[in-house]
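To keep things clear, I will list the structure first and then write my remarks on it.
The values are calculated or read from the model by the stated rules, or taken from the named source; none is laboratory data. Given the structure is predicted, the values throughout are model-derived calculations rather than measurements. For neighbour counting, all protein chains shown are included, and Cβ atoms are generated from backbone atoms with ideal geometry for every residue, glycine included. Calculation scope for accessible area: heavy atoms of the full protein, side chains included, ligands and nucleic acids excluded. Shrake-Rupley method; radii C 1.70, N 1.55, O 1.52, S 1.80 Å.
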Amino acid sequence: MKTKKFRSVQDTIIVGHRNRSMPTTRKQAMSELASLEYMKASLERELSIWVANQKKTEKRLQQLYERATLLQEVLDGLPSQYQPRRCSSSGEQVEKNDENDASKFQVVSLEY
Amino acid sequence: MAVASKTSIKKTLAALALSPSPDFIETPIIKGLKERALAYLTAGFPVHFRGPAGTGKTTLALHVAASLKRPVMLIAGDEEFATSDLIGGQYGYHYRQVDDRYIHTVHKYEEDATQLWVDNRLTTACREGFTLVYDEFTRSRPEANNVLLVVLEEHLLVLPNMNHKDGYIKVHPEFRAIFTSNPQEYAGVHEAQDALSDRLVTMDLDYYDRETEINITAARSGLPPEEVERIVDVVRDFRASGEWDQAPTMRACIMIARVATQQNLRLSKDDPRFTSICLDVLESKTAFTSQARERRAQQRKMLLSLIEHYCN
């Protein structure tokens, strides 16, 4: 049997409201209306958070696209021999040296 | 699982950062040579400075290399050079031991050792785009320089190691090569391959003009140019006479001038110590044999007359 999963307390309350019979007294109606007002405020807050998150995610995605485009342009400009060469003849994984040229090479000053 | 690995050798190559010394001077002639050489190098052609000893080939090569503003790899040609001295080779081993006891009833033990490839200067220069200065390259046997043929023409470095996955390295676009050599009649010099010479733009250097020699000697010794010119004139006249086995060069001028400065000698024929220093430095340019005593006496007489003429 397939069961529907409720994501939050609000979902439970909404289903509860939907299945509930119509109030017969003014007091019941007022009580339910107050509950719905509370729910409405809560859902509006949730919606605004979702919208803000969506905007934030879109912004991050845009930044990612821009960075990826920039890197692709740099990569296109570089010749293929820039790719680091493995220095082991066995095909064994070798530690990648991410250090810059200055640390890879001992620089010796020479005056001529 | 225990894994132990050990590398038996670790080499870090050194690159040179060149700068002119305080007493280096760039005369118009040197500047002209430098600009021509830079024009060839910028166009992608390697430059070869060829000339007799003492004409400043190496200094000029370093000066041009410094102008390219890239790290420099300096190689000095040698009779014992092999290809591996240029490109590198398999030096040392990488050991790896694996002791696997993940399942207590199984004991698996692996051990292997793989050779390590270590780049040498040419490979590093090609890969990183450094400037290669190959000093006196004709002192290496021609076959040692074969690898340069493809590097200079096809811009590809071919590594001879078959197991190597990256057996081909595309030469970095900023890689430049500067060569120097002595003429073929010099002792210990091999003839360069025609194929290699054909790839180089050869610039023949001769002894500098008088002004340049005076300026360089003055800068290197600290003496004023008007005093240095006496020494330079003696050496240049001696060189022009041809009465030597090994041509007296600007190094002789610098030797005499520097010793004279340090010893506070007067650059005059009347100072016997100065005369002795001139004779020591210049007479050594002639081979001394028992049969050549008379020639040597004549040479001394000529040198003394030159000193008397210029240093009065």
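Loop-only check: which chymotrypsin sites (Phe, Trp or Tyr not before Pro) in segment B:68-171 are DSSP coil with at most 13 other Cβ within 10 angstrom?
Working: sites: B:F81, B:Y91, B:Y93, B:Y95, B:Y102, B:Y109, B:W117, B:F130, B:Y134, B:F137, B:Y168; in loops: B:F81, B:Y102, B:F130.
Loop-located and lightly packed - B:Y102.
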Per residue, in Å², the accessible surface of the protein assembly as shown once ligands and nucleic acids are set aside, probe 1.4 Å: 61
P(r) histogram, all alpha-carbon pairs of the protein assembly as shown included - 20 Å bins from 0, percent: 18, 33, 22, 13, 8, 5, 1, 0
Pairs from B:K57/B:K285; B:K34/B:K170; B:K69/B:K170 whose Cα-Cα separation, in the structure shown, is over 30 Å: none
Under the Karplus curve 6.51 cos²θ - 1.76 cosθ + 1.60, θ = phi - 60°, whole-Hz ³J(HN,Hα) for segment B:218-224, x wherever Gly or Pro sits: 5, 5, 7, 10, x, 7, x
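Can you give the longest run of chain B that contains no GluC sites (Glu not before Pro) sitting in a DSSP loop with at most 10 other Cβ atoms inside 10 Å? Before the final figure, lay out each step's value.
Details: sites that count: B:E80, B:E185, B:E191.
After excluding every exposed loop site, the longest remaining stretch is B:192-312.
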Among B:G54, B:G92, B:G222, residue whose mean-square fluctuation peaks in a GNM of chain B (springs only between Cα atoms under 10 Å): B:G92
Placed amide H near B:H48: partners under 5 Å, 5+ positions off or other chain: B:F179, B:V201, B:T202, B:M203
Proximal aspartates and glutamates relative to A:K56, as straight alpha-carbon distance under 19 Å, when same-chain residues fewer than 8 apart are discounted: A:E44, A:E46, A:E66
Phi-based couplings in Hz for segment B:78-88 (Karplus 6.51, -1.76, 1.60; Gly and Pro marked x): 8, 4, 7, 5, 10, 4, 5, 6, 9, 9, x
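Roughly how much accessible area, to the nearest 100 Å², goes out of reach of solvent when B and A pair up, both sides summed, probe 1.4 Å?
Working: alone 16980 and 11520 Å², together 25920 Å².
The contact between A and B buries close to 2600 Å².
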Fraction of accessible area attributable to carbon and sulfur, the protein assembly as shown (%, probe 1.4 Å): 52
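Which of the trypsin sites (Lys or Arg not before Pro) found in segment B:229-312 are in a DSSP loop and have at most 14 neighbouring Cβ atoms, other than their own, within 10 Å? Before the final figure, lay out each step's value.
On the way: sites: B:R230, B:R236, B:R239, B:R251, B:R258, B:R266, B:K269, B:R273, B:K285, B:R293, B:R295, B:R296, B:R300, B:K301; in loops: B:R266, B:K269, B:K285.
Taking segment B:229-312 and a limit of 14 other Cβ atoms within 10 Å, the loop trypsin sites (Lys or Arg not before Pro) found are B:R266.
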